[in-house]
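Engineer: Shown below is the structure under consideration.
The values are calculated or read from the model by the stated rules, or taken from the named source; none is laboratory data. Not measured: the values here are computed from a predicted model. Virtual Cβ from ideal backbone geometry, glycine too; neighbours counted across all protein chains shown. Each accessible area value is taken on the protein alone, full model and side chains, heavy atoms only, with ligands, DNA and RNA left out. Shrake-Rupley method; radii C 1.70, N 1.55, O 1.52, S 1.80 Å.
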Amino acid sequence: MRRKLVVGNWKMNGSRTSNAVLLSEIVAGLAASGAASAVCVPAPYLAQCQAQLAGTALGWGAQDVSAHAGGAYTGEISVAMLQDFGCGYVVIGHSERRAYHGESDAQVAAKAVAALAAGITPIVCIGETLAQREADQTNAVVAQQLGAVLAAISADDVAKLVLAYEPVWAIGTGKTATPQMAQDVHQVLRAQLVAKNAVAAAGVQILYGGSMKPENAKELMAMPDIDGGLIGGAALKAADFLAIIHAAD
Ligand code: 3PY
């Protein structure tokens with residue numbers, strides 16, 4: 001039985017003042033949730049999360065990390081730096097990074113390897129564009145994206161992955177995959193994990209992302225291979241984020 005996981009992806013939002021309120025409201029509303037939860041925040045706010053969330057049930061993490069250990073990489077942030085701020089998670093290969101920063105499957109895989117080596121859980125994002133879905137390429141696209149990561153890691157490390165299926169056409173658009181559409185892809189991803197490590201694959205959390213909100217969270221998470229959500233806009237309002245976490249109970 002996989003425990004559900006709900007992660008807020010704050011993207012480039014927040015301020016010290018608004019974060020303090022949002023985090024304390026989330027923590028206050030978490031009581032007795034059966035699901036695990038975390039927020040992935042802009043890097044400057046990791047220290048604030050560490051100070052405010054240590055000892056609470058809400059985890060925290062970053063939205064990207066460098067594949068390099070350190071050195072002359074202006075603007076980059078290493079896994080050791082994320083460790084310094086107690087990060088449990090890092091989002092890797094979000095479609096906004098693939099699209100706006102040209103991140104390739106190979107770079108995403110290298111970042112996942114770096115995170116795993118540091119003991120930080122990579123939340124590896126995978127998903128097709130609208131054009132790819134309409135051309136019936138969804139399964140091939142997600143297989144290639146996940147395949148690059150699986151080729152770079154050991155069979156033992158499969159157990160340490162979290163995946164997020166985020167159809168690009170459902171991100172920031174208000175459109176959501178139907179539960180069955182999402183389940184179909186999650187099942188394909190799970191089968192690919194099984195081929196690398198059947199025992200570990202059964203325990204890997206595969207989150208759905210892409211306009212998950214309180215209104216659709218319960219039916220999405222009721223599907224057998226949907227183990228939680230990676231939440232965009234709805235993670236910025238405590239009431240909405242908490243409603244999704246409790247929909248996972
Ligand atoms: C969204 O729901 O918009 C996301 O991109 C979550 O990562």
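Engineer: Alpha carbon centre of segment 122-151 versus segment 1-50: separation in Å?
Structural biologist: 27
Engineer: Taking the Cα centre as origin and putting +1 on Lys and Arg beta-carbons and -1 on Asp and Glu beta-carbons, what dipole magnitude results for the chain, to the nearest 20 debye?
Structural biologist: So the dipole magnitude of the chain works out to roughly 280 debye.
Engineer: For a bin width of 5 Å, list the pair-distance distribution of segment 172-234 built from all Cα-Cα distances, rounded to whole %.
Structural biologist: Answer for segment 172-234: a P(r) of 4, 20, 28, 22, 14, 8, 4, 0 percent.
Engineer: Considering the options 144, 192, 178, tell which one lies farthest towards the positive end of the dipole of segment 141-249, charges being +1 on Lys and Arg and -1 on Asp and Glu at the Cβ, about the Cα centre.
Structural biologist: 144
Engineer: Let me spell out the model: positive unit charges on the Cβ of Lys and Arg, negative unit charges on the Cβ of Asp and Glu, origin at the Cα centre of segment 29-177. What dipole size does that give, in debye rounded to 20?
Structural biologist: Dipole of segment 29-177, to the nearest 20 debye: 200 debye.
Engineer: Charges only on Cβ, +1 for Lys and Arg, -1 for Asp and Glu: so what's the dipole of segment 120-226 about the Cα centre, in debye to the nearest 20?
Structural biologist: 160
Engineer: Nearest 500 deg cm²/dmol is fine: what mean residue ellipticity at 222 nm does the chain get from its DSSP H runs of n ≥ 4 alone, each adding -39,500 (n - 2.57), divided by its residue count?
Structural biologist: For the chain, the value works out to -12500 deg cm²/dmol.
Engineer: Considering only lysines 8 or more places apart in sequence, or on different chains, count the pairs in segment 159-249 whose C-alpha atoms sit under 27 Å apart.
Structural biologist: Here the count comes out as 8.
Engineer: Continuing with the same structure: Can you work out the accessible area per residue across segment 126-176, with the rest of the protein chains kept in place, probe 1.4 Å, in square angstrom?
Structural biologist: 44
Engineer: With unit charges on the beta carbon (Lys/Arg positive, Asp/Glu negative), name the residue among 224, 117, 168 whose Cα is farthest towards the positive pole of the charge dipole of segment 114-230.
Structural biologist: 117
Engineer: Over the Cα atoms of segment 18-98, compute the convex hull volume and normalise it per residue, giving Å³.
Structural biologist: Output value, Cα hull per residue: 109 Å³.
Engineer: In segment 1-107, with Lys and Arg counted as +1 and Asp and Glu as -1 at Cβ, which of these residues, 43, 82, 61, has the Cα nearest the positive end of the dipole, that is, farthest along it?
Structural biologist: Final value for the positive-end residue is 61.
Engineer: Another question, if that's okay. Highest mean first, how do 129-140, 171-182 rank when packing is the count of other Cβ atoms within 10 Å averaged over residues?
Structural biologist: Per-residue mean Cβ counts within 10 Å order the peptides as 171-182, 129-140.
Engineer: To continue, here is another question. Above 24 Å lies some portion of the pair distances; for segment 109-219, what is it as a whole percent of all C-alpha pairs?
Structural biologist: Tail fraction, whole percent: 24.
Engineer: Modelling each spin label as a point 7 Å along the Cα-to-Cβ direction, I'd like the residue 99/residue 69 distance in nm, to one decimal.
Structural biologist: 3.6
Engineer: I've got another one for you. Past the 29 angstrom mark, what percentage of all C-alpha to C-alpha distances in the chain do you count?
Structural biologist: 23
Engineer: Also, I was wondering about something else. Cα convex hull of segment 41-178: mean projected area in nm², to one decimal?
Structural biologist: Averaging across all directions leaves 9.6 nm² for the Cα convex hull.
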